[in-house]
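Just so it is clear, none of the values below were taken in a lab; they were calculated from the coordinates. In this text, all values refer to a predicted model and were calculated from it rather than measured experimentally. In this analysis, Cβ positions are derived from the backbone assuming ideal geometry, glycine residues included, and neighbour counts consider all displayed protein chains.
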Amino acid sequence: MFSRLKNFGEDSAPRLLGPAAMSQIIPRAEPESSPKQFSSAQNTLRWPRELTNGIKRRFKRERRRRRVGRAYDMALEIARLIPYGSEVLDMGCGNGYIAHHLSAMLGPGAVGIDLGRSAEAPIDYRQYDGARVPAPDNSFDAVLLCYVLHHAQDVSVVLNEVRRVLRHGGLAVIYEDIPRTCWDTALCWIHNQQWRGRTGPCTFRRASDWRSLFDFLGFEVVNDRQLSRWRNLTHPVSRQSWFLRLVPEVMTSGDVVAPHPSCG
């Protein structure tokens, strides 16, 4: 019996470990939810979010670049017919990038007005109430209305304000969407649905109707040009531009032309 107990003690000795040996073994056993595994799970969840946010930021940058690029092309067209140093008013300036580019091309005298509180571009911006331009008589050498007049609820009021703030020999520069075909008419209808809640119903006219209206309100056409519908791939409608000058006989300070019954 003593020999069996002795053998049991000798056989069990290697299996019984002291505190020092146990302390070396215990740290090796990591729990299932170790910090390393938790960090890996966090990284796995974070990666799709970072990818999605990166795509959104890239999309916004590309949209901004397209807006800025289109505005630059239009400003370049306009600047070719307006003398350097001219003071320019951009009515319905939107994001303000056309006025911003013209300030660099023609000098710092470009002002933008619109219904909102501010513009995206860093320009001299003034809020517009839709009726009276916040500027004194005879204060600008050129007034721009780039795809704005079809939003006007009373075009004669807007163009009479253009006449009021233009100086002698000044130019009115107008760009408009023209419903020449059924395709154009459909796109103009879609545009009207998008904007009527913000600015009221839009009124799109044929090029000949715009010309008759300009003539009635005391403007002569210096230059007009049919533009490609592919200038904006997201809105491929036929377009027209006009450069107008006031007829000398009606250029009197503060003079207002009464609207014709057929003019919207």
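Sorting the segments 191-203, 90-102 by their mean number of nearby beta carbons within 10 angstrom, highest to lowest, gives 90-102, 191-203.
How do the peptides 173-186, 149-162 rank, highest first, by the average count of neighbouring beta carbon atoms within 10 Å per residue?
The peptides rank, most packed first, as 149-162, 173-186.
If you average the sequence gap of Cα pairs under 8 Å that are 6 or more apart and divide by the length of the range 67-250, what percent do you get for the contact order? After rounding, I find 17 percent. The F216 and Q194 beta-carbon pair, evaluated with R₀ = 22 Å, returns a calculated FRET efficiency of approximately 0.15. Quick one: in the range 125-241, what % of C-alpha pairs are over 18 Å apart? Every Cα pair in the range 125-241 considered, those over 18 Å come to 53 percent.
Under the combined filter of DSSP loop state and at most 12 neighbouring Cβ atoms within 10 Å, the range 115-162 retains these trypsin sites (Lys or Arg not before Pro): R117, R132.
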